[in-house]
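Some notes on the structure that comes next.
The values are calculated or read from the model by the stated rules, or taken from the named source; none is laboratory data. Being a predicted model, the structure only gives us computed values, none of them experimental. Glycine also receives a Cβ, built like all others from the backbone with ideal geometry; neighbour counts cover every protein chain displayed.
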Amino acid sequence: MGRPLDDAGLDTIFRTARTYNGYTDQPVTQADIQRIYDLLKMGPTAANQQSARFVWLLSQESKDKLADLATASNPDKIRKAPATVIIAMDLAFNEQLSWLFPHVSDAKNWFADDAMRHANAFRNSTLQGGYLLIAARALGFDTGPMSGFDNAKVDEAFFGDQPNLKSNFIATLGHGDPSTIFGRLPRPEFDQFNRIA
């Protein structure tokens, strides 16, 4: 059985954590990325699909390439962030199930239907993107998730030779600059969006 986090841990991950629009100059390293990934991969996915694929952009060239495909205020955020990550989904994730889910010999065939496979890839890669945000916060980083970009162009630019990979969303990453956050937006009370049956 797990132990509850203390208030400081809950604040770091949820209560005082914020979406950042800008960062300090402190870099994000390959070692930092590895630590984040080594945490996020432990989050549960259906049949251990691990359907997310991550492209971590550290070079200015790669960030500029992505920024050119983003919209509104996102290009500037991407260019200036120490790191940006593309969270993608592998529509052929079931090809990996023989070793990811080995105790069921025909798990690959559970997802033979294209529509079902797409729905699972999208759902579970989104979950893994959420784990990424939590893992990054738990390790002392700040994030700025976003969806304002041209998915088809990003797929062509970053996954042109892998047509089974499709972008889901993106996130900037670094040590947040407090001057770039907005005021805390409303959060609904339990009774507004919940019911117990």
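When the residues of the range 142-193 are filtered to those that are part of a loop (DSSP other than H, G, I, E, B) and under 19 Å from the mean Cα position of the chain (by Cα), which remaining residue is nearest to D25 (Cα to Cα)?
If we take residues in the range 142-193 being part of a loop (DSSP other than H, G, I, E, B) and under 19 Å from the mean Cα position of the chain (by Cα), then H175 is nearest to D25 (Cα to Cα).
Sort through S179, S167 and tell me the only one that's within 19 Å of K77 (Cα to Cα), at pLDDT 95 or above and touching an Asp or Glu at 6+ places or on another chain (Cβ under 6 Å).
Every option except S167 fails the conditions.
So, I33, is that one touching a Lys or Arg at 6+ places or on another chain (Cβ under 8 Å), crowded, with 17+ Cβ neighbours inside 10 Å, within 28 Å of D150 (Cβ to Cβ) and touching a residue at least 40 places away in the same chain (Cβ under 8 Å) or not?
When the stated conditions are applied, I33 does not pass them.
Give all pairs with beta carbons closer than 6 Å in which a residue from the range 1-20 that is assigned to a loop (DSSP other than H, G, I, E, B) meets a residue that is among the acidic types (D, E); count only pairs at least 6 apart in sequence or on separate chains.
Y20/D142
Take the conditions touching a Ser or Thr at 6+ places or on another chain (Cβ under 6 Å), closer than 21 Å to F141 by Cβ, at pLDDT 95 or above and buried (at least 16 other Cβ atoms within 10 Å of the Cβ) and apply them to K80. Does it pass?
When the stated conditions are applied, K80 does not pass them.
Looking only at the range 109-129, count how many residues are without any contact (Cβ under 8 Å) to a residue 24 or more places away in the chain and under 23 Å from L40 (Cα atoms).
Final tally of qualifying residues: 1.
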